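Below you'll find the structure, written out as C-alpha cells, and then a few comments.
No value in this document is a laboratory result; all are computed from the given coordinates. Please read all numbers here as calculations on a predicted model, not as lab measurements. Glycine gets a Cβ as well: all are built from the backbone with ideal geometry, and neighbour counts include every protein chain shown.
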Amino acid sequence: MTAPTFPSIDYAALAPVLVVFGAACLAVLFEAVLPLRGRSRVQLGLTLVAVVAALVAVVARATSGAPAVSTLAEALAVDGPALFLWGTLLALALPSVLLMADRSVEPGGAFVADPVALAEVEAESRVGVGASRGGSRSAGTSGGSAGGGGRGARDAARAEGHTEIYPLLLFALGGMMVFCAADDLLTMFVALEVLSIPLYLLCGLARRRRLMSQESAVKYFLLGAFSSAFFLYGLALLYGYADSVKLSDISLAAAGSLRPDSLLFAGIALVVVGLMFKASVGPFHTWTPDVYQGAPTSVTAFMAACTKVAAFGAILRVFTVAFGSTVWEWRGVLWVVAIISMVVGAVLGLTQTDVKRMIAYSSVAHAGFLLLGAMAITPAGLSATLFYLLAYGFTTVALFGLVSLVRGPEGEATHLSAWAGLAKRAPVAAAAVTFLMLALAGIPLTSGFTAKFAVFSAALADGMTPLVIVALVVSAVAAFFYLRLIVLMYFSEPAADGPTVSVPGPFTTVAITLGVVVTLLLGVVPTAVLGWVEGLSFLT
C-alpha cells in the first residue's frame, strides 16, 4: 500500500490570501461572540489591519526576488501579474472600506439595520431614532410590532454598527484574489462564487430606497447565476476536450489534439460569456446600471473598482495561458464584443439622467477599451491592461465617494438636475468631480490619458488598427456626457431648495483624497508603475 501524497503548499506565496480569508473567518466569529455595542470598531479595525497586512505581504513577495510558483496542488499561480493584481485589489479595498465605515455623511450609516426591512426613508429613519432612544421599533418597518426597550437597544446597536458588511467584504476580496490567480478553471469557478455571493448580499443592504436596493440584489443574483452556469458548462466542455481543467493543459491540447474542435470552441465561448458578465462587458452588461444605482454607493465603488480588476485579471490569464494558441479563432468574435461594449456604453451613457447609471455605462465603455489590451496577448498588452485597471480603479472609487456627498431630503441626490450649480455650493467637491470626469474621458495629465494611450498603442502594435479607430471615436462620444456634467455644475444656477453637499468625515475624506492623488500621479509621473508592469509575465 503506497503512502498518500500531499500537495506542496508555499505558505509564503499564499500569505496575502491566507491573511484575508483568515481575517474573514475571524470576523464571522466576532459577529457571533462580541456584544453589539462596540463591535463596529473591532470589525473595522480587523478589516483595515488585514488589508494592510496582506498588502505588505504582497509588496514583500514582489520585492524579494522569489520566483513565480504554482502552488496548492497547482491550483494557484503566484506570478508577477498575480502579485500586481493582488496589490491593486488590496490598495482599492482600503478606500472602499473607509467609505463603507463612514457614518458622518449618512447619519446612522448607509446600511440598513435590519436586512429584511422593507421600510422607505421615513420609516427607516424612525427605526434609527426610536432605537437610539431605547424605545420600541417603529411600526412602519417590516415586522413593525413594538418590541420593547430590549429590542430597541438591539436595533440601535445594529443601526450603529452594520458589522456584517466587514466579513462579507473580506470574503469577496479573498475570492477576487483567488479568481485572478487561479491556474485551473475549477478553482476559478469556486473563486467566482466566493466573490459573487457576498456582493449579492451587500447590494441589498442600502438603508435608503430599500426596494430599489433589494431589486438590484435580486437582479444581480439571478443574472449572476446564469453567468455562472455558462462558465460551469464551458468548463465541462473544455474538460471533455482536454481531459484537464488546468489552463496550461488546455493550451497544449488545443495546440496538438486530434479531437474535434467543436468542444473546444463551444467551451471557450461559454467560459468567455461568464467572464465577460463579471467584467461588465457589453452585451453582457445588463445588470450593471441597475445594480450600480440600487446598491449602497460605497458598495458600488467597491464593485466598480475591484470586481473589474479581478474579472480582467482572470480574462488576461485565461486568454494568455489557456487560449493563446487559438487566438486567431476567437479574436474576431471578441472584436465584435469589444465594439458592442464601447458603443453601447457611450451611446446609452448619453441618455442617462442619473449620475450612478451614467458611470455604470461609462464602465461598460471602459470594459471595451480594456478588452483591446486583453486581446493583444503580448507583453505590451498585458502591461497596458494592468496599468489601466489600477488607474481606473482609483478614479472610480474617488468619484463614487464624491457622489455620496451630494444629498437631498431623501438621501443621495443622483439625478443630474440636482448637480446644477454645484460649483457655487461646493467648489472643492465640484473641482474634484471635474478632475475625475476628465480622467475618465482620457484628458492629458490624468491617469485616464496614460492608460488609454498605453492600451491603444498595444492594440495598434498587434494589428488592431480598425478597432483602435472605433475606440477613439467612442472616446470622443463618451466625452460628451462627462463634459455635460461639468457644464451643468459650473454654468447652471443652483435651485433655491436644491441639494447640499455634505461635509465628509475623515474616512470619506481620506478615500477621496487618495483616489484624486493617485489619479494625478499616474497621469503626471506614470513611469514608475509602467516600468514595473512591463517586465511581468504569466506562469505557463
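Which ordering of Phe480, Phe387 is given by a fewest-first count of other beta-carbon atoms within 10 Å?
Ascending Cβ contact count within 10 Å gives the list Phe480, Phe387.
By how many nm would the segment from Leu483 to Leu252 lengthen if fully extended, with 0.36 nm per residue of separation less the alpha-carbon distance?
Between Leu483 and Leu252, full extension yields an extra 78.3 nm.
Hey, could you grab the Kirkwood Rh for segment 302-448? Inverse mean 1/r over distinct alpha carbon pairs, Å, one decimal.
Computed over segment 302-448, the radius equals 16.6 Å.
Beta carbons within 10 angstrom, averaged per residue: use that to sort the peptides 481-491, 69-79, highest first.
Ranked from most to least packed, the peptides come out as 69-79, 481-491.
If each residue's Cβ is checked for other Cβ atoms within 10 Å, how do Asp102, Asp290 rank with the fewest at the top?
Asp290, Asp102
I'd like to know which of Ala191, Gly38, Gly368 lies farthest towards the positive end of the charge dipole of the chain, counting +1 on Cβ of Lys and Arg and -1 on Cβ of Asp and Glu.
The listed residue farthest towards the positive side: Gly38.
Just how large is the dipole of segment 167-273 about the Cα centre, in debye to the nearest 20, putting +1 at every Lys and Arg Cβ and -1 at every Asp and Glu Cβ?
Dipole size: approximately 720 debye.
Filter the DSSP H helices in the chain by two things, a Kyte-Doolittle mean of at least 0.0 and an axial alpha-carbon span of 24 angstrom or more, and list the hits by number.
The qualifying helices are 15-33, 39-63, 80-101, 185-203, 210-242, 261-278, 327-350, 355-376, 379-403, 465-491, 506-524.
Tell me the mean residue ellipticity at 222 nm calculated for the chain from its helices only (DSSP H runs of n ≥ 4, each -39500 (n - 2.57), averaged over every residue, nearest 500).
Only helices count here, giving -23000 deg cm²/dmol.
Taking other Cβ within 10 Å of each residue's Cβ, how do His415, His285 sort, fewest first?
Going from sparsest to densest Cβ surroundings: His415, His285.
Can you tell me the FRET efficiency between Ser492 and Ala269 if r is taken as the Cβ-Cβ distance and R0 is 51 Å, rounded to the nearest 0.05?
Once rounded, the FRET efficiency stands at 0.60.
For an R0 of 60 angstrom, estimate the FRET efficiency from the Cβ-Cβ distance between Thr465 and Ala32 and round to the nearest 0.05.
Using R0 = 60 Å, I get an efficiency of 0.55.
So what's the projected area for segment 208-315, the Cα convex hull averaged over all directions, in nm²?
7.0
Select from segment 15-88 those trypsin sites (Lys or Arg not before Pro) which occupy a DSSP coil region and have at most 15 other Cβ atoms within 10 Å, ordered by residue number.
For trypsin sites (Lys or Arg not before Pro) across segment 15-88 that sit outside H, G, I, E and B with at most 15 neighbouring Cβ atoms in 10 Å, the list reads Arg37.
Once the piece of chain linking Tyr233 and Phe453 is laid out straight, how much longer is it, given 0.36 nm per residue of separation minus the C-alpha distance between them?
Using 0.36 nm per residue and subtracting the Cα-Cα distance, I get 75.5 nm.
At 0.36 nm per residue, and after removing the present C-alpha to C-alpha distance, how many nm does the segment from Thr509 to Met212 gain when stretched out fully?
The Thr509-Met212 span can extend by a further 104.2 nm.
Given a Förster distance of 22 angstrom, what is the FRET efficiency for Ala66 paired with Val525, based on the Cβ-Cβ distance and rounded to 0.05?
0.20
Determine the distance separating the Cα centre of segment 226-285 from the Cα centre of segment 183-199; give it in Å without decimals.
If you average the Cα positions of each part, the centres end up 15 Å apart.
Just tell me which lysines come within less than 20 Å, Cα to Cα, of Lys219; anything on the same chain fewer than 8 places away is out.
Lys278, Lys308, Lys356
How are the C-alpha pair distances of the chain spread across 20 Å bins, as whole percents from the shortest bin up?
23, 56, 20, 1, 0
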